[in-house]
Amino acid sequence: MEHFQHSSATYFNRELSLFEFNHRVLAQALDSQLPLLERLSFLMIFSSNLDEFFEIRVAGLMKQLDLNVVTRTPDAVPTEVILSELSQVVNEAVKQQYEILNYSILPELQSLGIHFIQYQHILEKHKPWIAEYFARQVQPVVTPISLDPSHPFPRSVNKSLNFIVSLSGKDAFGRNITMAIVPAPRSLPHLIALPGDVAGITKEHIFLSAIIQQHIDDLFPGMKATGCYAFRVTRNADLILAEDVDDLAVALKDELSSRRFGRAVRLEIEKDCPSSIINYLLAQFDLDEQHLYYIDGPINLLRLTTSFDCPTLKHPKFLPVIPKVFRKQKPI
């Protein structure tokens with residue numbers, strides 16, 4: 001049989017090509033002819049796709065690099081080059097994603113009386129309700145973790161929202177603690193609708209992160225929070241099962257449990273976080289700046305699910321109709 005030789009230049013890299021598909025999903029959010037909430041949905045779909053892309057594709061590349069595995073893919077692009085190119089194109093896409101959100105979609109929603117409140121948008125009229133919600137709903141289920149020699153850095157769950165807090169002063173035990181981690185409670189919604197007597201005639205939704213940042217001092221009696229920055233780490237979530245497992249169900253159960261704490265592959269953090277704290281987090285997760293992504297807005301746009309119904313801002317619902325000729329026929 002005759003063997004045909006191929007040139008690596010005729011092949012696209014698999015991971016880079018897959019990301020370009022996700023980039024085309026993001027481009028749908030730019031289409032001003034689409035209803036506004038449909039455009040917002042495309043931003044959320046892009047976030048969801050990107051999470052899976054890092055959990056599986058980027059995680060696989062990083063594992064190859066960690067193990068010094070030399071792959072022979074048809075495109076012949078070295079793994080370290082692929083990771084470097086992905087870092088550049090993903091950073092540019094994430095920046096574009098938040099520009100669309102901050103300068104197009106959110107302002108247009110605001111002009112229609114629909115507001116999403118972040119920490120910097122909190123008004124005096126919001127503060128009494130926020131204080132009560134924090135005291136009743138948030139504070140009882142939040143467990144701050146101080147970072148000191150007796151408390152090592154906690155194991156952050158895959159894709160969970162956390163805050164790193166810089167502190168001054170002494171705690172109740174007289175200890176000088178300079179930093180702490182505050183995991184956002186997963187039992188609470190990350191977007192909460194404000195009641196009508198607070199919001200007024202507008203529809204207002206506040207992020208849980210804004211509520212926590214507003215009252216972060218309350219979690220550290222006797223101390224003062226000098227900074228509070230949201231971050232999220234994405235981990236390897238690929239399933240790897242040995243070929244000779246005796247009990248597949250047990251093996252899957254163990255593997256699914258370990259996915260929550262797999263190798264870190266991406267760190268997302270608020271863009272105004274000081275470099276000293278960023279470097280500290282990168283070291284804790286064994287990552288370098290290539291795997292760092294600055295976020296100009298709420299981390300994880302999948303949390304932008306809303307509790308209001310605006311049919312005019314979505315595609316009309318499609319109601320299927322059974323053709324008349326089939327309506328009185330018996331099922332096959």
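For semi-axes √(5λ) of the Cα gyration tensor in Å, the choices are [x] 40, 27, 17; [y] 37, 32, 21; [z] 31, 24, 18; which was calculated from the structure? Comparing each candidate, only [y] matches the computed number. Counted residue by residue at 0.36 nm each, then reduced by the alpha carbon distance between them, the extension gain from Phe326 to Asp148 reaches 56.9 nm.
For the range 120-217, the solvent-accessible area of protein heavy atoms averages 49 Å² per residue (probe radius 1.4 Å; ligands and nucleic acids excluded). Pairs over the 30 Å Cα-Cα cut-off, from the set Lys125/Lys317; Lys159/Lys224; Lys63/Lys224: Lys125/Lys317; Lys63/Lys224.
Relative contact order of the chain, taken over Cα pairs closer than 8 Å and 6 or more residues apart, is 21 percent. Computed extension length for Phe21-Asp296: 96.7 nm, one decimal, from 0.36 nm per residue of separation with the Cα-Cα distance subtracted. With contributions of -39500 (n - 2.57) from each DSSP H run of at least four residues, the per-residue ellipticity at 222 nm computed over the chain stands at -9500 deg cm²/dmol. Using the Cβ-Cβ distance between Glu132 and Thr226 with R0 set to 22 Å, the FRET efficiency from 1/(1 + (r/R0)^6) comes to roughly 0.30.
Extension gain, Asp218 to Thr312: 0.36 nm times the residue separation minus the Cα-Cα distance gives 29.7 nm. I'd like to verify something in the chain: which complete DSSP H helices, judged by Cα projection on the helix axis, reach 18 Å or more and average at least -0.5 on the Kyte-Doolittle scale? Result, helices passing both filters: 14-28, 36-52, 79-100.
For Met179, the accessible surface of its heavy atoms amounts to roughly 30 Å² (probe 1.4 Å, protein chains only, rounded to the nearest 10). Take the Cβ atoms of Leu65 and Val198, set R0 to 51 Å, and the FRET efficiency comes out at 0.50.
The values are calculated or read from the model by the stated rules, or taken from the named source; none is laboratory data. Note that the structure is a prediction, hence the values are computed from the model and not measured. So basically every Cβ, Gly included, is an ideal-geometry build from the backbone, and we count neighbours across all protein chains shown. Only protein heavy atoms, including side chains, enter the accessible area calculation; ligands, DNA and RNA are left aside. Shrake-Rupley method; radii C 1.70, N 1.55, O 1.52, S 1.80 Å.
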